[in-house]
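All remarks here apply to the structure that follows.
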Amino acid sequence: MGKVDHLRAAELSEEVTEEVGQLMDYTLPPGIFCKGFAIQTDAAFKSKYKGLGASVTNP
């Protein structure tokens, strides 16, 4: 895919996080939810955009 500019990176991030968000269990406690969301989002990026090198950070 090559270099991805910041606008395209934001679009890819939005797409993946919205997809993952639709599958999440919103009844989980906040810490568990956030950890699970980060794990699922990272997995979705790696699955959908193989070789892109995207990563999920948790502040």
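Quick notes
- Residue among T17, T57, T27, T41 that is under 24 Å from V4 (Cβ atoms), polar (S, T, N, Q) and assigned to a loop (DSSP other than H, G, I, E, B): T57
- Region 35-54 residues that are basic (K, R), paired with ones that are in a helix (DSSP H, G or I) (beta carbon under 9 Å, 6 or more apart): K48/L12; K48/E15; K48/V16; K48/E19
- Here region 45-58 is the region considered, the condition is being exposed (fewer than 14 other Cβ atoms within 10 Å of the Cβ), of a type outside the set (V, I, T) and under 19 Å from E15 (Cβ atoms), and the residue that is nearest to the chain's Cα centre (by Cα) is S55.
- Flag for D42 being exposed (fewer than 13 other Cβ atoms within 10 Å of the Cβ) and charged (D, E, K, R): no
- Tabulated pairs, region 1-29, first more than 14 Å from K48 (Cβ to Cβ), second assigned to a helix (DSSP H, G or I) and of a type outside the set (A, V, I, L, M, F, W, C), C-beta under 8 angstrom, 6+ apart or interchain: M24/G36; M24/Q40; D25/G36; L28/G36
- Residue count for region 44-54, restricted to those that are in a loop (DSSP other than H, G, I, E, B) and among the hydroxyl-bearing types (S, T, Y): 1
- Restricting region 1-14 to residues that are part of a helix (DSSP H, G or I) and among the acidic types (D, E), the residue that is surrounded by the fewest Cβ atoms within 10 Å (Cβ to Cβ) is E14.
Read-outs: derived from the displayed coordinates by stated rules, not from any lab. If you're wondering where the values come from, they're calculated on a predicted model, not measured in any experiment. Positions of Cβ are backbone-derived with ideal geometry, glycine not excepted, and every protein chain shown enters the neighbour counts.
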